[in-house]
1. Only one of (1) modelled with pLDDT of 95 or more; (2) farther than 13 Å from E178 by Cα is not met by L312, so which one is it?
2. Of the residues that make up the stretch 330-343, is at least one assigned to a helix (DSSP H, G or I) and crowded, with 16+ Cβ neighbours inside 10 Å?
3. Quickly run through the stretch 115-147 and pick out the residues that are near the ligand (Cβ under 9 Å from one of its atoms) and in a loop (DSSP other than H, G, I, E, B).
4. With the structure loaded, tell me whether D377 is charged (D, E, K, R) and either touching a residue at least 60 places away in the same chain (Cβ under 8 Å) or within 16 Å of the ligand (Cβ to nearest atom) (or both) or whether it fails that test.
5. Condition first: in a loop (DSSP other than H, G, I, E, B) and closer than 21 Å to V121 by Cα. Now tell me which residues in the stretch 1-50 satisfy that.
6. Is there a residue being part of a loop (DSSP other than H, G, I, E, B), buried (at least 19 other Cβ atoms within 10 Å of the Cβ) and near the ligand (Cβ under 9 Å from one of its atoms) anywhere in the stretch 318-327?
7. Would you confirm whether or not the stretch 51-63 contains a residue that is more than 16 Å from the ligand (Cβ to nearest atom), in a helix (DSSP H, G or I) and out of contact with any Leu (no Cβ under 6 Å at 6 or more places or on another chain)?
8. Can you tell me which residues in the stretch 272-289 are surrounded by fewer than 21 Cβ atoms within 10 Å (Cβ to Cβ) and either outside any strand (DSSP E or B) or outside the structural domain of G194 (by TED's automatic domain parsing) (or both)?
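The values are calculated or read from the model by the stated rules, or taken from the named source; none is laboratory data. The structure displayed is predicted, hence computed values, not measured ones. We place every Cβ from the backbone using ideal geometry, glycine too, and count neighbours over all the protein chains shown.
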Amino acid sequence: MSEKQKFQAIKGTRDLLPPETALWNHVEHTAHAVFSTFGFGEIRLPIFEPTELFARAVGGETDIVSKEMYSFPDPFDLGELYARFRSLESISPGAGHFASIAGLSPDNQMISLRPEATASVCRAYIQHGMHSLPQPVKLYYTGPMFRRERPQKGRYRQFYQIGAEVLGGTDAPAIDAEVIEMVMTFFARLGLAGVKLDINSIGCRECRPEYVKLLKAELSKPEIKEKLGADSQRRIETNPLRVLDSKLESEQPIIEKLPRIAEHLCAACAAHYASVKHNLVLRNVAYHENWRLVRGLDYYMRTTFEITAPGLGSQNAVCGGGRYDGLIEILGGLPTKGIGFAIGEDRLILSLQEAGKAPAPRRLDVYVAWMGEKAYDTAVRAARALRGAGFAVELPATAQKFGKALGHADKLGARYALILGEDEVASGQWTLKTLSDGSQSKFTEPELLAHLKL
Ligand code: HAM
């Protein structure tokens, strides 16, 4: 790399800059406010975890785990280095001993940047014995996730999620409906219009294997298989449910004729699904049933849902979630019910921007235009007092000429310029200029604060 080469953010990662970050803050504050009214508390999680956690939770065969994770050996475990030192023992006696005293360990743990956070929340639930807290435990999180995907509008390699999980207690359908109601309330509070909620039930350990068998048999029929694309043909073996997810135009008429899971749910799953729908109606939440909604993570059972929003092009899923009873057990905990969702914050922000829903960023209230060294002390005092009263204040670090100062105040979009020259300092009467109309008035310090607070 030449010395002059400019560094760029890696493709698929982005800098979020003001004023856009004001919208991100607004969205996150709204999430805190809405989720807390539903009794959720915030959890903050590590950015990386053992790779094995995601392989077990999300599924080793899923795209997310098999293709999209950023994984590397934990440099602090240095198991590989340990093994190398041990192997040198025969030609360099003492190498193995050195490896031990250097604190190297034989466990070469692989770690991954988190591609999602449900696995981490479940790990934390087990690790902190949260099953002994009053159930269910309701947690939410915000933060960056990492997936090695091909970047495009609404799809990044570092992206942000706002998610929530309900762990423990019952699997009552009321919980599924309340979790969905909470996301919809959040979107409504943000003024996000045109969202569409799709729901489905993908059955349980009892009924799904039967359905998958049926689906696989159907997809394997030569007259059907030969009409499928390469991806779907491969999925007949690895994960036939994912064939239903296909967006390939030529496969649509074939998929439409495949057996539907709703007709193969066991009695308990069918009753659960019916009750989820009833509970959504009770909560005034409009939904569409989508029998093809299977989701790309292995931990789901029964309820799955996805929400799309306008203005996003092909990457229009702004939220995905579902029930995952049994996941905590797979990760080594007690049998525990679970359900949750994650919102793609980048996409949510894009959709709000496209709809012109970004709130105006905070304006600068006062530009302190001080002139002459004698005015500087007073300018510092004025800025402190105004900021203390909650106003946004710009205090130039060096003296400026009057015209230049006012031009700068204008460019920054200030509402007022507080003019402090030698006269103002001597008389204690400060000049306040309203920049929109150019009018000026004189105030003492207490009068100024009282006037601005009006
Ligand atoms: P997911 O469907 O993989 O589910 O992701 C949830 C949301 O994250 C998506 O709907 C999308 O808005 C956003 N998203 C995913 N990948 C990207 C990307 N590369 N760029 C931008 N946004 C993206 C989960 O992650 C589950 N953990 C959700 C969940 C929580 N299920 C139960 N609890």
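1. Every listed condition holds for L312 apart from (1).
2. Within the stretch 330-343 (the criterion being assigned to a helix (DSSP H, G or I) and crowded, with 16+ Cβ neighbours inside 10 Å), the answer is no, since none of the residues qualifies.
3. P115, E116, A117, R147
4. When the stated conditions are applied, D377 does not pass them.
5. Across the stretch 1-50, the qualifying residues are F38, G39, F40, I43, R44, L45, P46, I47.
6. Checked against the condition, which is being part of a loop (DSSP other than H, G, I, E, B), buried (at least 19 other Cβ atoms within 10 Å of the Cβ) and near the ligand (Cβ under 9 Å from one of its atoms), the stretch 318-327 yields at least one hit.
7. Within the stretch 51-63, one or more residues are more than 16 Å from the ligand (Cβ to nearest atom), in a helix (DSSP H, G or I) and out of contact with any Leu (no Cβ under 6 Å at 6 or more places or on another chain).
8. Of everything in the stretch 272-289, those that are surrounded by fewer than 21 Cβ atoms within 10 Å (Cβ to Cβ) and either outside any strand (DSSP E or B) or outside the structural domain of G194 (by TED's automatic domain parsing) (or both) turn out to be A274, S275, K277, H278, N279, V281, L282, R283, N284, V285, A286, Y287.
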